[in-house]
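In what follows, a structure is listed as structure tokens, so that the remarks can point back to it.
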Ligand code: UDP
Ligand code: MG
């Protein structure tokens, strides 16, 4: 039926929201403003209420009743931003799909430029990268830098420092992402892994318009470990390599002690050195087992094949995949 349709492309905006009652009205206003500048596109909102405890769901219901471009899914509990994005990708119907935060840290005003790049057919996705981290706690920036250094050294997919999840992608990419149904998700790794031609747009960091960050330091730390474990096998080989190294060193030391005893008749000295060695080797073993445990626990969750999300409420019952 393509022939009769007016040739208007649809852009879906996937917006994960967790306790965003303050930011949402501002976000909606801003996107509405930008969409008026993009008359050649049809806009669809896909809001995902990630089990918010505040009035987020009510606000979304109200928006949906006023504006039929709005689709919302409300989760049965907090499943995390990754699950929310996945649900958005599964249910987005656009030719182009963008993910963006509800706090306006991902400026909607970049959308026309992003769409123009896709239109030129030189790129399949346009991603954004912050060139500074102003307004973020210092310690968080330092840890973020270290994380990106490490993960890029030890994984195959290219993960750009300062990259945000904010990007506009063509349908083919979204289908590929939905196809990657792994349970432990790390989107920046997934985007890199599937490939396609990506244009990077740098922009200055903006502080969130309202509300507080939903990521505690601990949550971010766990997320970065997940990122490493999901996209690299190097930690596993650290375990075996350090095993080989320490067995080698221990062998040489034992030989030295034997030679000293046999040739020079030295007594083998004291237990403190022994205790140190035992503790050291014990520590290494625990560390290696810990690494394996990390992978094993991921496999454990993966084999259960649990859904990523469960929808409690939505305004588009007939259209939405409620468990995915
Ligand atoms: N978010 C979510 N579920 C969570 C945590 C965050 O859906 O468990 C959403 C949040 O509402 C926001 C986006 O993910 O739209 C990014 O979160 P935030 O702005 O707090 O992160 P930051 O920008 O500080 O990294
Ligand atoms: Mg934010």
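Computed from the coordinates by the stated procedures, all read-outs in this text should not be read as laboratory data. Everything numeric in this text was worked out from a predicted model, so none of it was measured. Every residue, glycine as well, gets a Cβ built from its backbone with ideal geometry; the counts of neighbours run over all protein chains shown.
Using R₀ = 51 Å, calculate the FRET efficiency as 1/(1 + (r/R₀)^6) where r is the Cβ-Cβ separation of residue 213 and residue 280; round to 0.05. Display every interim value, and only then the final one.
Values: r = 40 Å, r/R0 = 0.78.
Efficiency, rounded to the nearest 0.05: 0.80.
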Q.
Please compute the contact order of the chain in relative form: average sequence separation of alpha-carbon pairs under 8 Å and at least six residues apart, divided by the residue count, as a percent.
A. 22
Q. In whole percent, what relative contact order does the stretch 126-209 give with Cα contacts below 8 Å and a gap of six or more residues?
A. 54
Q | Mean projected area (nm²) of the alpha-carbon convex hull when the chain is viewed from all directions | A | 21.7
Q. Rounded, prolate or oblate: which fits the stretch 247-316 when a ≥ b ≥ c are the square roots of the eigenvalues of the alpha-carbon gyration tensor, with rounded for a/c under 1.5 and prolate only if a/b beats b/c?
A. prolate
Q) Expressed in nm to one decimal, what extension gain is obtained for the pair residue 225 and residue 317 from 0.36 nm per residue of sequence separation less their Cα-Cα distance? A) 29.5 nm
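In percent, how large is the relative contact order of the stretch 170-324, given Cα pairs closer than 8 Å and 6 or more residues apart?
It comes to 29 percent, rounded to a whole number.
Under the 0.36 nm per residue contour assumption, what length would be gained going from the current alpha-carbon distance of residue 204 and residue 121 to full extension?
Values: separation 83, 0.36 × 83 = 29.88 nm, distance 2.62 nm.
Result for the pair: 27.3 nm of gain on full extension.
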**Q.** Inter-label distance, nm, simple model (7 Å from Cα along the C-beta direction), residue 253/residue 298
**A.** 3.2
Q.
If each residue of separation counts as 0.36 nm, what is the full-extension length gain between residue 150 and residue 266 once their alpha-carbon separation is subtracted?
A. 37.2 nm
